[in-house]
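Enquirer: Below is a structure I'd like to ask you about.
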Amino acid sequence: MSAISLSDSVVLITGGARGIGAATAKCLVNSGAKVVIADVLDDEGKALAASLGEKSSYCHLDVTQVSQWQSVVAHCLATFGKINGLFNNAGIASFNSIETETPDGFERVMSINLLGVFLGIQAVIEPMKQTGGGVIINMSSTAGLQGYAGLSAYVASKWGVRGLTKAVALDLAPYGIRVLSIHPGPIRTPMTAQMPEAAVAAQPIARFGEPDEVAAMVKFMMAEASFSTGSEFVVDGGAVTGQVLALK
Ligand code: NAP
């Protein structure tokens with residue numbers, strides 16, 4: 001089990017058309033990798049892939065659909081010949097308290113954020129076995145390490161991703177596949193556009209993170225973290241460490 005050499009790697013990124021996924025696609029291509037961007041936002045995804053040149057390609061993918069996972073894996077193999085890395089990044093949030101969240105809303109969040117990760121892992125096992133190993137990075141959150149008011153479905157899904165990562169890391173270790181979870185705090189993307197600066201005022205690093213800062217962690221997890229599997233990588237401005245508040 002080892003790190004992957006980015007200059008010799010093909011990485012599939014879900015939810016890659018914008019936000020953290022798009023920043024990671026740029027970072028990995030700039031580091032020499034070939035990247036397949038997969039998303040439901042076809043126009044944005046195609047434009048991003050075109051801007052990144054011949055080392056990048058776009059493929060439509062709704063992560064909740066098994067048949068579309070088969071198509072995107074076939075696209076990776078036909079375009080670049082193999083898959084060494086998967087960044088299971090696609091996700092949505094539902095800002096509702098437990099009193100107002102609906103069963104349908106809860107199921108939709110779980111379907112994209114957790115079932116989508118499960119399906120992605122299953123889809124890449126065989127191609128990764130054929131290359132002798134690989135790295136799977138699953139997008140959790142600080143919401144997979146603690147609770148947040150008004151985000152019950154999201155928190156449940158992200159704790160699920162964290163647990164799934166640990167179980168799968170054990171299942172796939174014999175194949176040389178490392179499986180990791182990443183836990184960003186508040187990052188400035190379309191998902192957090194409505195959140196005020198005050199939300200991060202008590203963090204040790206009192207600002208929103210940038211998508212590039214998460215991308216740099218993903219690159220490290222793929223290319224350098226050769227002795228880590230089943231582990232949690234936190235990139236949160238110190239948010240889960242505690243709040244910087246004077247007790248007087
Ligand atoms: P974003 O800008 O909304 O990007 C997420 C992308 O995933 C969007 O292009 C979105 O398309 C796509 N997507 C949604 N449903 C999909 C599906 N069924 N299949 C494929 N793609 C789908 O959000 P982001 O902030 O970059 O978030 C990326 C990931 O990081 C998410 O899993 C999120 O939970 C996690 N995260 C974000 C933060 C943060 O503060 N931003 C912190 C911790 C973790 P649509 O626009 O159509 O939904």
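The values are calculated or read from the model by the stated rules, or taken from the named source; none is laboratory data. Every value quoted in this text rests on a predicted model; they were computed, and no experiment measured them. Every residue, glycine among them, receives a Cβ derived from its backbone with ideal geometry; neighbour counts consider all protein chains shown. Only protein heavy atoms, including side chains, enter the accessible area calculation; ligands, DNA and RNA are left aside. Shrake-Rupley method; radii C 1.70, N 1.55, O 1.52, S 1.80 Å.
Enquirer: So how compact is the range 167-220: Cα radius of gyration and Dmax in angstrom?
Expert: Every Cα atom of the range 167-220 included, Rg and Dmax give 15.5, 46 Å.
Enquirer: Suppose each label sits 7 Å from its Cα in the direction of the beta carbon; what would the Ala246-Phe227 distance come out to in nanometres?
Expert: Computed distance between label sites Ala246 and Phe227 equals 4.2 nm.
Enquirer: In the range 10-34, whose amide N lies under 20 Å from the spot 7 Å out along Cα-to-Cβ of Gln130? List them in ranges.
Expert: Under 20 Å, as judged by backbone N against the label point of Gln130, lie 10-14, 34 of the range 10-34.
Enquirer: Contour minus end-to-end for Phe118 and Phe220, with contour as 0.36 nm per residue of separation and end-to-end as the Cα-Cα distance?
Expert: 34.4 nm
Enquirer: Given just the C-alpha atoms of the range 111-248, how large is their convex hull per residue in cubic angstrom? Before the final figure, lay out the partial values.
Expert: Values: hull volume 16.9 nm³, N = 138.
That works out to 123 Å³ per residue.
Enquirer: Can you compute the equivalent ellipsoid semi-axes for the chain, i.e. the square root of 5 times each eigenvalue of the Cα gyration tensor, sorted largest first and rounded to whole Å?
Expert: Numbers: eigenvalues 161, 74, 68 Å².
Gyration-tensor ellipsoid for the chain: 28, 19, 18 Å.
Enquirer: Percent of accessible area on the range 106-248 owned by carbon and sulfur, 1.4 Å probe?
Expert: Working: 3950 of 6590 Å².
C and S fraction of accessible area: 60 percent.
Enquirer: Mind jotting down the distance between the C-alpha centroids of the range 129-144 and the range 65-122, whole Å?
Expert: So the separation of the two Cα centres works out to 13 Å.
Enquirer: Here's another thing I want to ask about it. Quick check: Cα centre of the range 190-240 to Cα centre of the range 21-58, how many Å?
Expert: 21 Å
Enquirer: Which whole-number percentage describes the relative contact order of the chain, with Cα contacts under 8 Å and a sequence gap of 6 or more?
Expert: Reported relative contact order: 21 percent.
Enquirer: Quick one: accessible area per residue over the range 101-248, 1.4 Å probe, rounded to a whole number of Å²?
Expert: Counting only protein heavy atoms, the per-residue value for the range 101-248 is 47 Å².
Enquirer: Evaluate the distance, in nm, between pseudo-label points positioned 7 Å from the Cα of Ile92 and of Gln65 along their respective Cα→Cβ axes.
Expert: Rounded to a tenth, the inter-label distance reads 1.4 nm.
Enquirer: Classify the range 187-248 from the C-alpha gyration tensor, please: rounded if a/c falls under 1.5, else prolate or oblate depending on whether a/b exceeds b/c.
Expert: Oblate.
Enquirer: What is the calculated FRET efficiency for Ala198 to Glu99, with r their C-beta to C-beta distance and R₀ = 25 Å, to the nearest 0.05?
Expert: Working from the Cβ atoms, E equals 0.60.
Enquirer: I need the fraction of alpha carbon pairs in the range 1-121 separated by more than 19 Å, rounded to a whole percent.
Expert: 46 percent
Enquirer: Please give the residues of the range 102-142, grouped as numeric ranges, whose backbone N is less than 13 Å from a label point set 7 Å along the Cα-to-Cβ vector of Tyr175.
Expert: What the label zone holds, given the 13 Å backbone N cut-off, is 119-136.
Enquirer: Another question, if that's okay. For the chain, what number of Lys pairs, 8 or more residues apart or on separate chains, have alpha-carbon atoms under 23 Å from each other?
Expert: Number of lysine pairs found: 23.
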